[in-house]
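Here's the structure, in structure tokens; my notes come after.
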Amino acid sequence: MYVCNRMLRINLFTVLALLCSAFSWFCSAGDSIDVRFGAQPKGFRIVLESRQPLTPVTYQGNQDKDVLIHINNGAPITLPSTRPAYVRSAEQQKVNGTKRQLILSLNGPMAIKNKFRIAPNPTCKNHRYVIDFQETVANPPPHTLKLSSPPPTQKSLPTPPPAPQKKIIIIDAGHGGADPGTIGRGGTYEKNVTLRAAKILADVLKKTNRYDVRLTRSTDVFIPLAKRVQFSRENQGNLFISLHADSSPRGSAQGLSVYTLSRVASDKEAAKLAQKENKADLFMGIDFDSEIPEVANILIDLTKRETMNLSISCAQMIQNAIDKKYLLSSNNHRFANFAVLRTPDIPAVLVELGFLSNPEDEKKLNSDFYLRIIASKLVSAIDLFFMDKKAL
């Protein structure tokens, strides 16, 4: 009996030691740069993930069959045991002791279709950098006429390439009609601010001649939240921007902030704001979940992860484009469960233009000059967002 107990203690000790060793390895792995490959139609995706920010630079050579990813980070690179059929080999090397390079040898020429960063968020605390590769279409061989063929009587003009399709931007002016939204200390209605801001933003976007702009409302009318989501999807929007004006019991709170969708709010104030905005329909006796069943059934868990990540990317670009003097001093990018942002296939952000509870902000929000400044900054961010989504 004593021998059995002793053996049991030894075995338990061994198991615990192994578990501790495994746990130690798991924790230290977070200091490396983890590489993942993913399959895509006629191509593949590579994801770099690290606890530290990533700023890779990508080079291609050997007729686009070799790829060099230069990473300004000395952490070791963890490569997966399997790789796509497109990738013949993958290896890493250290440069100058503080930098790393990931070298991919491909089985054929590939073009970089897309690359973008994904900042830490509630679903993933690490920094990620994504690169999408796609097959390069080989040039067709030149056409030659047979000797027996009659000579062409007239040269046909080459078909001009199709004009690039404009991105569709959906601008949503919050509240409206019998729903005034927040009412400022000076009597300013949020619904009026958002409508003016939406029209100004639409005007600035249209003048670039790069975007097809559509407004969920262009007059002072009430539109249920579900109808706004439905409008965005029916119009096949490429980006959804909902404009609002904030309020706070702290009169000192001021500045612009950006929100993206998340089941878990980033903070208590974000959660309260989402609850307030989501009650807009209840003000008119409408229940979001029963208004349009197919929209109500879209759970955040089923929302495409890529769409949420793109929304976060857009929010960060807006942050970077807006001058700091116009931003909320802290937490100017927040997460919350906004019903109007539940677009499963369209990147969506909610922009709080300022605080109507703050006299200085209320004055700015009544100024078309200020709204036009913000609109121009938003357009700069939108330009960068779509440039970043293209193959660079």
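Here are a few things to note about the model shown:
- Residue in segment 76-90 that is modelled with pLDDT under 85, in a strand (DSSP E or B) and over 22 Å from residue 315 (Cα atoms) present: no
- Members of segment 319-340 found to be among the polar types (S, T, N, Q), assigned to a loop (DSSP other than H, G, I, E, B) and touching a residue at least 24 places away in the same chain (Cβ under 8 Å), listed by number: 329, 331, 332, 337
- Screening residue 186 on (1) surrounded by fewer than 17 Cβ atoms within 10 Å (Cβ to Cβ); (2) of a type in the set (Gly, Ala, Ser); (3) in contact with a helix residue (DSSP H, G or I) (Cβ under 7 Å, 6 or more places away or on another chain); (4) at pLDDT below 90 shows it passes everything except condition (4).
- Segments classed as strands (runs of 3 or more DSSP E), wholly inside segment 96-163, with at least 1 members that are at pLDDT below 85: 99-106
- Positions within segment 218-261 being at pLDDT below 90, among the hydrophobic types (A, V, I, L, M, F, W, C) and surrounded by fewer than 19 Cβ atoms within 10 Å (Cβ to Cβ), in sequence order: 253
- Of all residues in segment 115-137 being under 13 Å from the mean Cα position of the chain (by Cα) and under 22 Å from residue 83 (Cβ atoms), the one that is surrounded by the most Cβ atoms within 10 Å (Cβ to Cβ): 118
- Some residue of segment 262-275 being at pLDDT 75 or above, assigned to a helix (DSSP H, G or I) and farther than 24 Å from residue 236 by Cβ: no
- Hits in segment 211-231 (condition: part of a helix (DSSP H, G or I) and of a type in the set (A, V, I, L, M, F, W, C)): 225, 226, 229, 231
- Filter result (under 17 Å from residue 247 (Cβ atoms) and surrounded by fewer than 19 Cβ atoms within 10 Å (Cβ to Cβ)) within segment 189-210: 192
- Taken over segment 341-392, the criterion of being closer than 16 Å to residue 245 by Cα, among the hydroxyl-bearing types (Ser, Thr, Tyr) and part of a helix (DSSP H, G or I) is satisfied by 370 alone.
- Within segment 342-376, the residues that satisfy the criterion of being small (Gly, Ala, Ser) and in contact (Cβ under 8 Å) with a residue 60 or more places away in the chain are 348, 354, 357, 375, 376.
- Pair list, Cβ < 8 Å and 6+ apart or interchain, from segment 184-210 residues that are under 17 Å from residue 374 (Cβ atoms) and in a helix (DSSP H, G or I) to residues that are of a type in the set (Asp, Glu) and at pLDDT below 95: 196/368; 200/368
The values are calculated or read from the model by the stated rules, or taken from the named source; none is laboratory data. These numbers come from a predicted model, not from an experiment. Don't worry about glycine lacking a Cβ; one is built from the backbone with ideal geometry, like all the others, and counts go over all protein chains shown.
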